[in-house]
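Take a look at the structure set out below.
The values are calculated or read from the model by the stated rules, or taken from the named source; none is laboratory data. Computed from a predicted structure; not experimentally measured. Positions of Cβ are backbone-derived with ideal geometry, glycine not excepted, and every protein chain shown enters the neighbour counts.
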Amino acid sequence: MKTLSRLALRNIFRNRRRTVLTFFSMIAGVAAIIVFGGFVEYTFWGLRESTIKTQLGHIQLYAKGYSDKGVAQPDHYLLANSDTMVQVLQAQKGVQVVTRRLSASGLISTGEKTVSCKIIGVEPEKESELSSFETIIDGNQLDASNAANGGVVGADLIKALGAKVGDTVTLLTTTREGMLNAIEFKIVGVGQTGSQDYDSVFVKLPLSHVQQLMGTDGVEKVVVLLFNTDALSDFLPVLTSNIATHHWDVEFVTWDQLAFFYHKVVQVYRGMFKVVNIIIGVVILLSVTNTMSMSIFERVREIGTLRALGTTQTGILKLFLMEGFLMGVIGACLGVLVGLLIAHVINWLGGIYIPPPPGMSRGYLAFILTPLSLLAFSFGFMVLVTLVASLYPAYRAARLKIIDALGHV
């Protein structure tokens, strides 16, 4: 095997110009996979974290039965006496914050204009942690200093209202008994999460205000935010154990069960990544096949000599497959290095600005992530493509007749 590898390596560089051109195409292909794949990885990470840290948290706990009937009758599935649950979960390892929320549909009015909205009751002292990816584009985030009579509204909602920070607006909804109730508050901040659907409806008020507005002491859900999203799978058994130990009559869902938009984006980008890989693979396949075919054409008499000296058809096949394999390994290694260099330069320059995608209200700076799995895929993909590209030329070389090969001019 060592002799075969050494001989194959020498044969690769016999025609240096053609080999270098082939390497250039391979390097460009691997680098393109790494850069585009790294962009996709960053997009997934950014959208995931933005979804978690603006709306969902990592885990949401509801009263048992909420998933079946809570959407139609949310007031019948509220959590009472949730203080103990919050304290127990907050003490668990890896938990950043545990907070409670209560939401309702309603109307918001400036007196001149009225639009529908989604009212969200939050705990002001914890909101900055849970909504760390939410951008306050005007005013301030809801906190203990402005929670007495203040609220934050979505960026698209405030445009629809024609209001501004400092204005006093009226919120109207129904209580659990079905009676109308209203409350006035001052707009202290304008929030932007990036999701146009969400930014066009949300109104955040202190939890106590929304409870008073709806005539209840309960909460709709308890939201758990972890320090690290990757630790979610390890935390779920801990959560299940605590639910059983404390006999909490609850059910829970994780963020990925609620992030429908995130999964749609992932499907689209994964499809695009597959198409890019196929295009790159076809280009490299044709390039390597052409290189190997030209090499065989130039070495017909050499192949005939090897066969006359006793080399079997299998031996010739192995030789050319080894050449393709080594070419793939060298090209893939160089491509990975170039891809990492390009990714580093892009990140060092501050990323690439991406305009707002469909359904989003703001653009973002994209960076290139290079996880080991992406590098391994790029390397393996290129080696596999070059090996496949070598099959037909190697088969042709092995099938040459000795007499015809020796007499070839």
Item to complete: Return yes or no: is Lys204 among the basic types (Lys, Arg), crowded, with 23+ Cβ neighbours inside 10 Å and closer than 18 Å to Ile108 by Cβ?
Response: yes
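Take Thr289 and decide whether it is at pLDDT below 80, at negative phi, not in a helix (DSSP H, G or I) and not charged (D, E, K, R). Explain how you work it out, then say what you get.
Numbers: at pLDDT below 80: yes; at negative phi: yes; not in a helix (DSSP H, G or I): no; not charged (D, E, K, R): yes.
Taking the combined requirement at face value, the residue does not satisfy it.
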Worksheet entry | Qualifying residue in region 361-371 (condition: at pLDDT 80 or above and in contact with a Ser or Thr (Cβ under 7 Å, 6 or more places away or on another chain)) | yes
Discussion item. Residue pairs, Cβ under 8 Å, 6 or more apart or interchain, first in region 68-88 and on the phi > 0 side of the Ramachandran plot, second at pLDDT 75 or above and hydrophobic (A, V, I, L, M, F, W, C). List them.
Written reply: none
Worksheet, complete the sentence: Residue hits (region 262-284; hydrophobic (A, V, I, L, M, F, W, C), within 21 Å of Ser50 (Cα to Cα) and surrounded by 15 or more Cβ atoms within 10 Å (Cβ to Cβ)) are Val265, Val266
Item to complete: Return yes or no: is Gly94 touching a Phe, Trp or Tyr at 6+ places or on another chain (Cβ under 9 Å) and on the phi > 0 side of the Ramachandran plot?
Response: yes
Fill in: Filtered residue count, region 51-72, keeping only those that are buried (at least 19 other Cβ atoms within 10 Å of the Cβ) and either assigned to a helix (DSSP H, G or I) or in contact with a Leu (Cβ under 6 Å, 6 or more places away or on another chain) (or both)
11
Worksheet item: What is the one condition in (1) at pLDDT below 85; (2) over 30 Å from Ala160 (Cβ atoms); (3) under 27 Å from the mean Cα position of the chain (by Cα) that Leu21 does not satisfy?
Response: (3)
Fill in: Criterion violated by Tyr42 - all others in (1) at pLDDT below 85; (2) hydroxyl-bearing (Ser, Thr, Tyr); (3) farther than 24 Å from Val238 by Cβ satisfied
(1)
